[in-house]
Amino acid sequence: MDAVPSPTADPLRPVPHPAVAQHALLRLVTAMLDGEDEREVLWGGMAAIAATGPFIAEAAYAVHNGLARRCSPLRVASSAVARPGDAAREPEGGRAGEAPAEAAAAVDVLAADVLDRRIDSLDGRSRHLHRPGGLWVRAIALRYRETCLGYLVVRSLTTPSAEETALADLLARQTGIVLARLARRRGEPAAGSGHTPGSGDLSGTGNPPEPEDASPTVDPGDRTASALASRLATYDALSRAAVSGRGEAGILQALHEHTGFAALTEDRFGNPRAWAGPRGGVPRNGVGGAARPGSENRRRNALMHRARRQPGAVRDRDRLVMPLEMAGDLLGVIALDDPDQRAAEADRSALEQAARVLAPLLFHERRLAELEPRLRRDLVDRLVSGEGTEDAFTRAAALGHDLHRPHRVAVLEWPGAPEGAALCDAVTRAAERLRLDVLIGSRGTTAVVLVAGEDPRDPGDELYRAVSEGLGTGAGAIGVGGRGEVLADLPHSYDEAVRALAVRRRSQHPYGSTAFDELGLCRMLGTGEGEREADLFVQEWLGRLLDYDARHHTELVMTLSRYLESGCSYDATSELLLIHRSTVRYRLQRIGEITGHDLSAVETRLNLHIATHIHHALDPPR
């Protein structure tokens, strides 16, 4: 048999890699099954458990007549193994330099004595022996039916996972079967057959019962080794599929190939995600297919509640279902299509292993889906704030966007959108339909979009229509900044987009798209200080006239605007307003009286022209 690690082996040894542990485990199980000696079986089982996870061998015990007896490892002399009451001492004339060694040996003997007494106090069941905050230690009972045949004590520097603990318990059960078989082969009563609490006979004679007929039977140990090898092969195939890059579909295909059943996954709402194998009985739209009525939703919720409370797969009509969970979150389900209910225990085990392999993959996928918008938002915020550095190119490339191109910045505001995330999602879908290469972020309630490309045309109008269709409302506005050739131009383009958006929102037509290049005189507006100055300027030159129109429901401001736009022509103004020339003259006279301005002065006409232009650009109609 292969050498078995000593219980005093280096506690900092690395945990075996799963792929290496599988081969070592099969070799150790085989040696354990072929063992002819009780110690060989015990320490073979111990080595097999150590190969499955972060376990370190501590001690092994065989139970005879209800008493636990410590069994030393095969490669360690029995005299070197600490036993209760062994406290060996050196002669009084020993060398002074051996004092530390003597002290260490005394400590080992004391610890072994304490452990022996704790094992004697157990009731034939597995128990944790560690204290709160101490090293993880567990005594694993080796049982056959109702009889405890021994104990294996293991420790770990970290708390083992549920999978590692379950596999260790499985190996312990098989070790108990082998001990019982060994006792039967020797024609002796099985170890532990004494009538003590927690113990019992294997049968009336102390041996495992013989089959009633003379037909050949499969030895329980051989059957266990075969099942364990099959389970490890399935786990190895699923693990290889998980790291192959084929993702969820690859894991389902591996599960289908090992079970022969169609395999599928659904999200937590019951919608199908992926499948492998024939589609004959697999519902195409989740449980029940198509839209699910309220009763079906209630049935599914009850199924998920039951599946999450009990271990292993559960049957749901024609399927075996296993929930996919990670960190307490339900990520979905994985299922085998089994209308004839032919699935065996090995198929259930494969389904459960597939769920354990797939859950971390889906959890990672969800975290990425949550993280990517945040990374995009942070990157866009840095770029438009002027904080973009050379690493921005690398970060953008990781998100699938090339910053080494000209960009325009567009700022969108949609008060009718249900929430900011919905606006960004609508912009993403709209950009995909328009084939725009964009990098999308947000600042406050606005979405900020970096539109890449050499096309000099303003993309705002098309984007506005596409986003309006996606959100179901056109009650939004877009401001588009000028084109930036390099990274340093993006803050300036963003500032222009914000100003264009502000002008659009204050205009007579607040919904739609406005490019900064179209603003003309209003380019100086759009900022807080600029808007205040513009309001004061309009109020100074048109305030009285605006108040008069509001009180008397007249159109003197409109008349003045058309008169100035026509080059101060009475005839052109009358044609534009569809009124008589004398009416134009009368209105202009009243404008001069109300405002106190001399309309014949060139500078006065210029200021009034600017004031009316700003008023029509920024103020909605009264």
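We did not get these values from a lab; they are worked out from the coordinates using the rules stated. These numbers were taken from a predicted model, which means no experiment stands behind them. Here the Cβ positions follow ideal geometry from the backbone for every residue, glycine too, while neighbour counts run over all protein chains shown.
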Task: FRET efficiency for residue 236 and residue 368, using Cβ-Cβ distance with R0 set to 30 Å, rounded to 0.05 - done: 0.70
Open item on the list: Can you list residues from other chains, or at least 5 along the same chain, whose modelled amide H is less than 5 Å from the amide H of residue 65?
Closed with: 192, 193, 194
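Using the Cα atoms of the range 371-518 to build a convex hull, what is its mean projected area in square nanometres? If you can, show how the numbers build up before the last one.
Values: hull surface 31.3 nm².
So the Cα hull casts an average projection of 7.8 nm².
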- [ ] Can you work out the PRE-style zone for residue 269? Point 7 Å along Cα to Cβ, and I want the residues of the range 297-317 with backbone N under 14 Å.
- [x] 297
Open item on the list: Just to check I understand the Karplus step: with θ = phi - 60° and J = 6.51 cos²θ - 1.76 cosθ + 1.60, what whole-Hz values come out for the range 258-271, glycine and proline as x?
Closed with: 8, 10, x, 9, 5, 10, 8, 10, 10, 6, 5, 9, x, 8
TODO: With label points built 7 Å along Cα→Cβ from the Cα atoms of residue 163 and residue 404, find their separation and express it in nm.
DONE: 4.2 nm
- [ ] Can you grab the distance from the C-alpha centre of the range 545-622 to the C-alpha centre of the range 233-268, Å, no decimals?
- [x] 77 Å
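I need the GluC sites (Glu not before Pro) found in the range 115-166, filtered to DSSP loop residues with at most 14 other beta carbons within 10 Å of theirs.
Working: sites: 146, 163, 164; in loops: 146.
Sparse-neighbourhood loop GluC sites (Glu not before Pro): 146.
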Task: Chain lengthening between residue 600 and residue 475 when straightened (0.36 nm per residue, less Cα-Cα) - done: 40.7 nm
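Show me the ranking of peptides 437-444, 126-133 by mean Cβ neighbours inside 10 Å, starting with the highest.
Answer by packing, highest mean first, reads 437-444, 126-133.
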Open item on the list: Tell me the Kirkwood radius of the range 387-467: reciprocal of the mean inverse pair distance over distinct alpha-carbon atoms, in Å.
Closed with: 13.3 Å
- [ ] Determine the principal axes of the Cα atoms in the range 528-620, then give the extent along each, sorted from largest to smallest and rounded to whole angstroms.
- [x] 42, 29, 23
Task: Projected area, mean over directions - the range 127-181, Cα convex hull, nm² - done: 3.9 nm²
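Rounded to the nearest 0.05, what FRET efficiency do residue 465 and residue 517 have when you use their Cβ-Cβ distance and R0 = 22 Å?
Numbers: r = 20 Å, r/R0 = 0.89.
That pair, residue 465 with residue 517, gives E of 0.65.
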Open item on the list: Can you tell me the length gained on complete extension of the stretch residue 434 to residue 318, counting 0.36 nm per residue apart and subtracting the Cα distance?
Closed with: 37.3 nm
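Expressed in nm to one decimal, what extension gain is obtained for the pair residue 302 and residue 568 from 0.36 nm per residue of sequence separation less their Cα-Cα distance?
Numbers: separation 266, 0.36 × 266 = 95.76 nm, distance 8.03 nm.
The span from residue 302 to residue 568 would gain 87.7 nm if fully extended.
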